[in-house]
Amino acid sequence: MGGEGMWQPNPSRDVLFDKVGQRLFAGGPWKLHLSSQHPLTMSGLGKLRVAVIGAGGAGLCAARHLLSRRDTFATPVVYELTKNIGGTWVYEERVGCYDNGLPIHSSMYRDLRTNIPKEVMSFPDFPFAKHLPSFVHHTEVRKYLEQYCDHFRLWDHIQFGTSVTSVTPVDVKGGWNGLAWDVTSNDGVDHSKSTTERFDAVMVCNGHFYDPYIPAIPGLEKFKGMLMHSHDYRSAEPLAGKSVVLLGAGLSGLDIAMELSNVDAQVILSHGQRPLTCPLPPGVQQAPPVASVLDDGTLEFKNGERAKPEVFLFCTGYNFTFPFLDKKVGVKVQEHLVWPLYKFLIPPAYPSLFIVGICRAICPFPHFHIQSQFVLSVLDGSFRLPSREEMEKDIELDIAARRARGIATRHILKLDSEQWAYNDELAHLGGFKPLPSYWSNLYESNKVFRARDMLNYKTYNYTVLDNMEWKVHDLHGLQLQKPLAVKKQM
């Protein structure tokens, strides 16, 4: 399909389209799905047809909820670039590119264990196996996502090895808010073979842990040692005994610093946060951010001190990228902020497009669970969106309020402890069940334990007692007291 001529029938649906996107009846039962926002739909059966881009955690969650509402939604089409589900949780030993020339998206390293307890990392409607420890190896998360696919019967709806090349809005009289979407994709083997399908809505779930962000450091090209990003880090052994400046003290930076310590690397943890006060691994010291690289390849820190390491390792995060989105959609990325998006999800000018899972410093799977249900509440009319002007004003006021609190543009999507109010707001607006009360309390407590003892917090095990209460034991089975600062929130 594709082009400006007559659309060809798709055997998966009883509907044709003419040159201007109007529906031509092609047999089978057909009814109108009446709503103030979407009087006609693309499925030919009065059901909304939704495309999902990506089969990582967010995309799988989106598909699971769409399939649970067969009264309103046609079966979704999930486009997945690779041959696997799981997105960032699929470990790939290689770095660079696959044999077919496509870039390797995985940023997973061999020995990674989760930094969030499984008790709050899971989707709320599908817990991890009880026998597992609270902090699991990445292979268990991938297995969990595969079990999620089994349980909710998602496999048949995923088109593997399929690259989405364009997502284009189309004005359709009688469409959802007067819109439809043409999604063009290429077969992973034969790039010349493209297919275009039309949908009522699109949920973009393509992740944001695969395009490395390298900050602009004056003189960086003069560095003479090994320069790498954590995207290409797989294990510590190749860096054994080396001197390393590791830029960035986020969770992956701290994790990798500990791994390097275990192979006797000498690590300078360079970052702009307040100095860590917890015990650090042997051979790890802290320094301010790197300010520049001198002519002889020496790194100069912001306090004027210098180091000449063998390895300069960036743990500086990733860029957001949506190369398939038509430019007229107007979604921009500026200083790590994706905007304008109402509730960090919806471009006001094109409200049947949803950018899922871009918020940072969040508990991802429950976050996707909430966002996906909110998307469905928008599409089925349970939550009536404000006007375009009202949504744009809401975005403007929200960003202004965050900046007034001292939040830099690059950190606006970093919700951290504000994620719970955000999740509750979406649940309230959409009229669906919020997360259980213990969720935020347990998650925030884990952050306190991690800040106190980054070397041992992953040995703790949590037990959820009921909707409100939980407990935690250390490696020796001793029950730990809940952090006072968090305890007061209950």
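The values are calculated or read from the model by the stated rules, or taken from the named source; none is laboratory data. Treat the numbers as computed from the prediction; the structure is a model and nothing was measured. Reconstructed Cβ throughout: ideal geometry from the backbone, glycine too, with neighbour counts over all protein chains shown. Accessible surface areas use protein heavy atoms only, side chains included; no ligands, DNA or RNA. Shrake-Rupley method; radii C 1.70, N 1.55, O 1.52, S 1.80 Å.
Restricting attention to the stretch 309-325, and to residues there that are touching a residue at least 40 places away in the same chain (Cβ under 8 Å) and surrounded by fewer than 16 Cβ atoms within 10 Å (Cβ to Cβ), which single residue is farthest from Ser107 (Cα to Cα)?
Initially, the stretch 309-325 is screened for residues touching a residue at least 40 places away in the same chain (Cβ under 8 Å), giving 309-322, 324-325.
So of that shortlist, the ones also surrounded by fewer than 16 Cβ atoms within 10 Å (Cβ to Cβ) come out as 310, 319, 321.
Details: Glu310: 22, Asn319: 13, Thr321: 16 Å.
Across the stretch 309-325, the extreme among qualifying residues is Glu310.
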### Task
Search the stretch 268-294 for residues being over 30 Å from the mean Cα position of the chain (by Cα), in contact (Cβ under 8 Å) with a residue 60 or more places away in the chain and in a loop (DSSP other than H, G, I, E, B), and hand back the single one that is nearest to Ser243 (Cα to Cα).
Leu294
### Task
Can you confirm whether the stretch 416-424 contains a residue that is modelled with pLDDT of 95 or more, aliphatic (A, V, I, L, M), open to solvent by less than 40 Å² (accessible area, probe 1.4 Å) and assigned by the TED database to the domain that holds Gly54?
no
### Message
Would you confirm whether or not the stretch 73-87 contains a residue that is charged (D, E, K, R), assigned to a loop (DSSP other than H, G, I, E, B), surrounded by 15 or more Cβ atoms within 10 Å (Cβ to Cβ) and not assigned by the TED database to the domain that holds Asp255?
### Response
yes
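Every residue in the stretch 88-115 that is among the charged types (D, E, K, R), touching a strand residue (DSSP E or B) at 6+ places or on another chain (Cβ under 9 Å) and assigned to a loop (DSSP other than H, G, I, E, B), please. Explain how you work it out, then say what you get.
Of the stretch 88-115, the ones among the charged types (D, E, K, R) are 92-94, 99, 110-111, 113.
Adding the requirement that they be touching a strand residue (DSSP E or B) at 6+ places or on another chain (Cβ under 9 Å) leaves 111, 113.
Hit for the stretch 88-115 is Asp111, nothing else.
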### Query
Would a scan of the stretch 356-371 turn up a residue that is among the β-branched types (Val, Ile, Thr) and farther than 21 Å from Ser252 by Cβ?
yes
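So, in the stretch 383-433, of the ones that are closer than 20 Å to Tyr350 by Cβ and of a type in the set (Gly, Ala, Ser), which residue ends up nearest to the chain's Cα centre (by Cα)? Before you say what the answer is, go through the steps one by one.
Filtering the stretch 383-433 down to residues closer than 20 Å to Tyr350 by Cβ leaves 383-396, 398-399, 413, 426, 429-430.
Going one step further and asking which of them are of a type in the set (Gly, Ala, Ser), we end up with 387, 430.
Numbers: Ser387: 27, Gly430: 21 Å.
Result: Gly430.
So which of Gly219, Gly241, Gly253, Gly225 is open to solvent by less than 40 Å² (accessible area, probe 1.4 Å) and on the phi > 0 side of the Ramachandran plot?
Values: Gly241 fails: open to solvent by less than 40 Å² (accessible area, probe 1.4 Å); Gly253 fails: on the phi > 0 side of the Ramachandran plot; Gly225 fails: on the phi > 0 side of the Ramachandran plot.
Criteria check complete, one pass: Gly219.
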### Summary
Phe126 fails exactly one of (1) of a type outside the set (Gly, Ala, Ser); (2) at pLDDT 95 or above; (3) open to solvent by 40 Å² or more (accessible area, probe 1.4 Å); (4) over 18 Å from the mean Cα position of the chain (by Cα), namely (3)
### Query
Name the residues in the stretch 246-267 that are out of contact with any His (no Cβ under 7 Å at 6 or more places or on another chain), in a loop (DSSP other than H, G, I, E, B) and touching a residue at least 60 places away in the same chain (Cβ under 8 Å), would you?
Gly250
### Query
Give me the pairs: first residue in the stretch 393-406 and more than 17 Å from Tyr342 (Cα to Cα), second residue outside any helix (DSSP H, G or I), beta-carbon distance under 7 Å, and six or more apart or on different chains, which are they?
none
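So which of Val172, Val120 is of a type in the set (Val, Ile, Thr) and touching a helix residue (DSSP H, G or I) at 6+ places or on another chain (Cβ under 7 Å)? I'd like the intermediate steps shown before the answer.
Working: Val172 fails: touching a helix residue (DSSP H, G or I) at 6+ places or on another chain (Cβ under 7 Å).
Only one candidate passes the filter, namely Val120.
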## Note on the structure
Checked against (1) modelled with pLDDT of 95 or more; (2) assigned by the TED database to the domain that holds Phe160, Asp190 satisfies every condition except (1)
